[in-house]
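*Asks:* The structure follows.
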Amino acid sequence: MHSNFLHRYDYRRRLSEADLLDFIEGDWGKLAEAQKSAIEEMGEYMAARSSLPKIFIRLFAYNGTGQSFAAGELAWVNAVGDTNLPPEVQYYRAVKANQGITPSSDNPAYWQPLTTDPRSTIVRDFAVDIALYRVVPANSPVEIASQFRQFYDDAIAWCKVYMKNERPTQLPQEPPGDRGILIAGGKVKPGNDRQDSRGNDYKGW
């Protein structure tokens, strides 16, 4: 599925960015791969009940380089420019197709500010836990490794309960024919998840 379902600030609930950088040895590509793996693993369970493109939604980082967006696409920006201050992530939905127009409440003809994160909080947080487990350094102290193993186990336990229809949910539910199935490379089938051809894929950090 989409490596851009998560963004760098989602990891704050578990680690500071400095600690996260230690985990991944300064290589954001490692985290991007861990994210893809985490989302694919969760999807193998969740596809039993839900359409995966509706769960693991596309979420693009606005980078100020003249990106183009289609109507309905979602973008996030860090409203705090000073990297020494805690980030303030804001989310927007494109009202209509545009190019190079900054997501902002000052541009209501093009962007709708969202009052909350458009993703499922529990799915987001469990995806973070699984991704972090993937990048725990091999030389970590036993207590650190055990803690992140427990986070991973809790996430997978939730996925298994979800798969068995044993937990009420507000997540989108679909008949079997409409559910996406994750395959190698993080793509979906037989869903109708189009590939972006306008340079809008979120490449990383």
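*Asks:* Can you tell me which residue in region 89-121 is farthest from residue 171 (Cα to Cα), limited to those that are open to solvent by 70 Å² or more (accessible area, probe 1.4 Å) and within 15 Å of the chain's Cα centre (by Cα)?
*Replies:* 116
*Asks:* Just the residues that are under 10 Å from the mean Cα position of the chain (by Cα) and charged (D, E, K, R), please, taken from region 26-44.
*Replies:* 36
*Asks:* Which of the residues that make up region 153-175 are in a helix (DSSP H, G or I) and under 14 Å from residue 52 (Cβ atoms)?
*Replies:* If we filter region 153-175 for residues that are in a helix (DSSP H, G or I), which is where we start, we get 153-163.
Answer for region 153-175, where residues must be in a helix (DSSP H, G or I) and under 14 Å from residue 52 (Cβ atoms): 159, 162, 163.
Residue-wise test of (1) at pLDDT below 95; (2) closer than 26 Å to residue 34 by Cβ; (3) touching a strand residue (DSSP E or B) at 6+ places or on another chain (Cβ under 6 Å); (4) not aliphatic (A, V, I, L, M).
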{"residue": "108", "(1), (2), (3), (4)": "no, no, no, yes"}
{"residue": "137", "(1), (2), (3), (4)": "yes, yes, no, yes"}
{"residue": "161", "(1), (2), (3), (4)": "yes, yes, no, no"}
{"residue": "173", "(1), (2), (3), (4)": "yes, no, no, yes"}
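*Asks:* Condition (residue is surrounded by 12 or more Cβ atoms within 10 Å (Cβ to Cβ), of a type in the set (Asp, Glu) and not in a loop (DSSP other than H, G, I, E, B)) applied to region 30-38: is it met by at least one residue? Walk me through how you get there before you give the answer.
*Replies:* Here is the first cut: in region 30-38, the ones surrounded by 12 or more Cβ atoms within 10 Å (Cβ to Cβ) are 30-38.
If we keep only those that are of a type in the set (Asp, Glu) too, we end up with 33.
Next, from what is left, pick out any that are not in a loop (DSSP other than H, G, I, E, B): 33.
Looking through region 30-38, at least one residue is surrounded by 12 or more Cβ atoms within 10 Å (Cβ to Cβ), of a type in the set (Asp, Glu) and not in a loop (DSSP other than H, G, I, E, B).
*Asks:* Before we move on, is residue 140 polar (S, T, N, Q), within 22 Å of residue 13 (Cα to Cα) and either open to solvent by less than 50 Å² (accessible area, probe 1.4 Å) or in contact with a Leu (Cβ under 8 Å, 6 or more places away or on another chain) (or both)?
*Replies:* For residue 140, the condition - polar (S, T, N, Q), within 22 Å of residue 13 (Cα to Cα) and either open to solvent by less than 50 Å² (accessible area, probe 1.4 Å) or in contact with a Leu (Cβ under 8 Å, 6 or more places away or on another chain) (or both) - is met.
*Asks:* For region 39-56, which residues satisfy the criterion of being open to solvent by 10 Å² or more (accessible area, probe 1.4 Å), at pLDDT 95 or above and either touching a Gly at 6+ places or on another chain (Cβ under 7 Å) or under 27 Å from residue 79 (Cβ atoms) (or both)?
*Replies:* Listed by number, the list holds a single entry, 40.
*Asks:* Answer with yes or no whether residue 64 is at pLDDT below 95 and open to solvent by 20 Å² or more (accessible area, probe 1.4 Å). Steps first, answer last, please.
*Replies:* Values: at pLDDT below 95: yes; open to solvent by 20 Å² or more (accessible area, probe 1.4 Å): yes.
So residue 64 fits the description; yes.
*Asks:* Could you figure out which of (1) in contact (Cβ under 8 Å) with a residue 24 or more places away in the chain; (2) part of a helix (DSSP H, G or I) isn't true of residue 91?
*Replies:* Only one criterion in (1) in contact (Cβ under 8 Å) with a residue 24 or more places away in the chain; (2) part of a helix (DSSP H, G or I) is unmet by residue 91, namely (2).
*Asks:* Could you check residue 133 against (1) assigned to a helix (DSSP H, G or I); (2) over 13 Å from residue 5 (Cα atoms); (3) open to solvent by less than 40 Å² (accessible area, probe 1.4 Å) and say which number it fails?
*Replies:* Against the list (1) assigned to a helix (DSSP H, G or I); (2) over 13 Å from residue 5 (Cα atoms); (3) open to solvent by less than 40 Å² (accessible area, probe 1.4 Å), residue 133 comes up short only on (3).
*Asks:* Taking the condition of being surrounded by 15 or more Cβ atoms within 10 Å (Cβ to Cβ) and either more than 26 Å from residue 27 (Cα to Cα) or in contact (Cβ under 8 Å) with a residue 24 or more places away in the chain (or both), how many residues in region 149-168 meet it? Even if it seems obvious, please write down each step before you answer.
*Replies:* Here is the first cut: in region 149-168, the residues surrounded by 15 or more Cβ atoms within 10 Å (Cβ to Cβ) are 151-152, 155-156, 158-159, 162-163.
Filter once more, so that each one left must be either more than 26 Å from residue 27 (Cα to Cα) or in contact (Cβ under 8 Å) with a residue 24 or more places away in the chain (or both): 151, 155-156, 158-159, 162-163.
Total meeting the criteria: 7.
*Asks:* Then there's this: Could you check, for region 59-67, whether at least one of its residues is part of a loop (DSSP other than H, G, I, E, B), among the aromatic types (Phe, Trp, Tyr) and at negative phi? Step through it out loud before you land on a result.
*Replies:* Step one: list which residues in region 59-67 are part of a loop (DSSP other than H, G, I, E, B), which gives 59, 62-67.
Applying the additional criterion that residues be among the aromatic types (Phe, Trp, Tyr) yields 62.
This time we only want the ones that are at negative phi, so: 62.
Yes: region 59-67 contains one or more residues that are part of a loop (DSSP other than H, G, I, E, B), among the aromatic types (Phe, Trp, Tyr) and at negative phi.
*Asks:* On to the next question. What number of residues in region 73-98 are within 11 Å of residue 62 (Cα to Cα) and not aliphatic (A, V, I, L, M)?
*Replies:* Residues that pass the stated criteria total 5.
The values are calculated or read from the model by the stated rules, or taken from the named source; none is laboratory data. Everything numeric here is computed off the predicted structure, so don't read it as measured data. Virtual Cβ from ideal backbone geometry, glycine too; neighbours counted across all protein chains shown. Please note that ligands, DNA and RNA were not included when accessible areas were found on the heavy atoms of the full protein model with its side chains. Shrake-Rupley method; radii C 1.70, N 1.55, O 1.52, S 1.80 Å.
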